[in-house]
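Since the structure comes first, as structure tokens, the remarks are kept for the end.
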Amino acid sequence: MSDTEIDTLPCPKCEGASMHPVTVGEITVHRCKECSGIWLDEGQRLKLQKDKHAVEEIDIGSHEVGHEHDSITGGNCPRCNQPLRHIHDKAQKQIGFEVCRACRGSFFDAGELTDLTHFSLSERIRALLSRD
């Protein structure tokens with residue numbers, strides 16, 4: 001088995017497709033060759049949200065494809081094979097993504113990570129006013 005095969009992960013949304021490592025700076029994530037969805041290990045989301053440039057290099061997929069794939073829920077974690085759970089960001093409720101309760105990794109459809117990073121002033125105000 002080659003190093004490339006060892007470094008790939010199965011895409012939780014594209015049956016039979018694999019996600020390959022993509023490194024920007026000091027962060028390595030996995031991106032699906034088919035849908036451009038992105039797998040982030042625990043803690044990587046917070047690091048990436050602070051670096052819009054890195055997100056732009058990583059999240060290169062079509063927003064349209066990402067929107068189509070957002071309706072695909074279920075699937076298993078590419079790291080530990082546990083069921084993924086579809087959740088919505090607390091501050092930006094229009095953004096839904098998958099998380100693994102076991103390893104705490106996250107899967108974002110194409111465009112979702114970019115949307116999450118570009119938190120506008122109006123979205124910030126709305127989030128403050130709608131706190132549960």
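Here, each number is a calculation from the coordinates, and none is a lab measurement. Since this is a predicted model, take the numbers as computed values, not measurements. When we count neighbours, we look across all protein chains shown, and the Cβ atoms used for this are built from the backbone with ideal geometry, even at glycine.
Would you give the gap between the C-alpha center of the range 83-120 and the C-alpha center of the range 54-76, rounded to a whole Å? So the separation of the two Cα centres works out to 10 Å. Short-range pairs are left out: with C-alpha atoms under 8 Å and at least six residues apart, the relative contact order of the range 1-109 is 23 percent.
Kirkwood hydrodynamic radius computed over the range 3-129 comes to 14.7 Å, based on all pairs of distinct alpha carbons.
Compared with the direct C-alpha span, the chain from His63 to Lys47 gains 3.6 nm at full extension, assuming 0.36 nm per residue. With Cβ to Cβ distances under 13 Å as the rule, what net charge do the other residues near Glu68 carry (K, R +1; D, E -1)? That works out to -4.
Among Glu15, Glu42, a tally of other beta-carbon atoms within 10 Å of each Cβ gives an order, fewest to most, of Glu15, Glu42. As a proxy for reagent exposure, ranking His63, His88 by other Cβ atoms within 10 Å from fewest up yields His88, His63.
On the beta carbon distance between Ser71 and Ala91, with R0 = 22 Å, the FRET formula returns roughly 0.50.
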